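Following: one structure in structure tokens, then a few remarks.
Taken together, the values in this text are just the output of simple stated rules run on the coordinates, not laboratory data. The structure presented is a predicted model; accordingly, all values stated were derived computationally and were not measured. FYI the Cβ positions are ideal-geometry reconstructions off the backbone, even for glycines, and counts take in every protein chain you see.
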Amino acid sequence: MIRSVVRGNGAALPRRIMKNADFEGMVETSDEWIVQRTGIRQRHVAADDETTASLGEAAARAALDSAGMTPADIDLIILATSTPNNTFPATAVEIQNRLGMHHGFAFDMQAVCSGFVYAVATADLYIRGGLAKRVLVIGSETFSRILDWSDRSTCVLFGDGAGALVLEAEEGAGAITDRGVLAASLRSDGAHKDKLFVDGGPSTTGTVGHLRMEGREVFKHAVGMITDVIEATFGEAGITAQDLDWFVPHQANKRIIDASAKKLGIAEEKVVVTVDLHGNTSAASVPLALSVAVADGRIKKGDLVLLEAMGGGFTWGAVLLRW
Ligand code: ACO
């Protein structure tokens, strides 16, 4: 059977780093509160000339370099984002143009923090369906543009950045030992749409709006939803937590990550944590975490890697792949 195999990955971060202490004086908060409640120590914040498209392009170029490919080799770009450069056209098309790519096709995918997991699962279906052979999957966000910088309960949590993967069709044996995407489970439930949302949009207010969140409500649902969808993915693949080499969760909050790993029985040393460095970068968080763990030599060819995310909607999902 055809598998979607990772050929390369890359990342890009805005130049400016904002430390927790930089919020002191802006809103009533402290480094201690932020670290203790979330595990976040710093985040990158985009300058005016850094956009979802420019960060996405830089991550895409890095992923292509690591794959030993050029834009000419790619036939599909899927960009996961909730902070597009414009309402339309899709920012994926802008990235396609920035890459000098005038063939194939490109579109955006909107599942908030779960966007990258949704996009990898979607790319896998395009590849297995024969509609694409090589896909650039990008997660890129500039959440700093939609934050209410006077709301301490949200502005300290998010950051900007981008990450990307190149997936390519390869013949596999149909076994768990194959490289590539092995299983995926996606979920959403709009009953929770008002717990984490942006209070503006083209069809309602005609404005971009600001992020609003009932943090405690999100927290309450997160661990159960994450562990359910991961267990469904394990069931589909016929594996257990012990078979995993690496768990690369969405980086929203260290307490959510720790509680999910504990409930699933995933050993602490197999969990990739970058929330301290990047904050919550929404659809960029999983590929950014992957880029750190690949660059430092933890994730290697042949490793069994579990990706997971949960976010606004609510949306949630997991992808199991062999690197
Ligand atoms: N600094 C200091 N105090 C603060 C801050 C801040 N930055 N933000 C809120 N507080 C205060 C609150 O006002 C509250 O004060 P009160 O008791 O006087 O009313 C107090 O801290 C406790 O607030 P809680 O919201 O109960 O704090 P909690 O321990 O739940 O932590 C947090 C808040 C970090 C937002 C947590 O609920 C959380 O992480 N939720 C998940 C949200 C999340 O990660 N969303 C990301 C998108 S979804 C996803 O990716 C999973």
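The table that follows gives values for the structure above.
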{"quantity": "J(HN,Hα) series, segment 254-265, from Karplus relation 6.51 cos²θ - 1.76 cosθ + 1.60, nearest Hz, glycine and proline x", "calculated": "4, 5, 5, 4, 4, 5, 5, 4, 4, 4, 7, x"}
{"quantity": "Candidates F88, F23, F143, ranked by Gaussian network fluctuation over the chain, Cα under 10 Å, top entry", "calculated": "F88"}
{"quantity": "Antiparallel DSSP beta bridges within the chain, percent to nearest 5", "calculated": "70 percent"}
{"quantity": "Interchain or long-range residues, amide H under 5 Å from K133's placed H", "calculated": "D75"}
{"quantity": "Rel. contact order, % - alpha carbon contacts under 8 angstrom, at least six apart, segment 180-322", "calculated": "37 percent"}
{"quantity": "Distance in nm between pseudo-label sites at S30 and D245 (7 Å out along the Cβ direction from Cα)", "calculated": "4.3 nm"}
{"quantity": "Lysine pair number, Cα distance threshold 19 Å (strictly under), the chain, separation 8 or more or different chains", "calculated": "12"}
{"quantity": "Per residue, the convex hull volume that the Cα atoms of segment 71-195 enclose (Å³)", "calculated": "136 Å³"}
{"quantity": "Sites W149 and K301 - FRET efficiency at Förster radius 56 Å, r taken between beta-carbons, to 0.05", "calculated": "0.85"}
{"quantity": "Unit Cα scatterers, Debye sum, the chain: log10 I(q)/I(0) for q = 0.10, 0.16 Å⁻¹", "calculated": "-0.51, -1.38"}
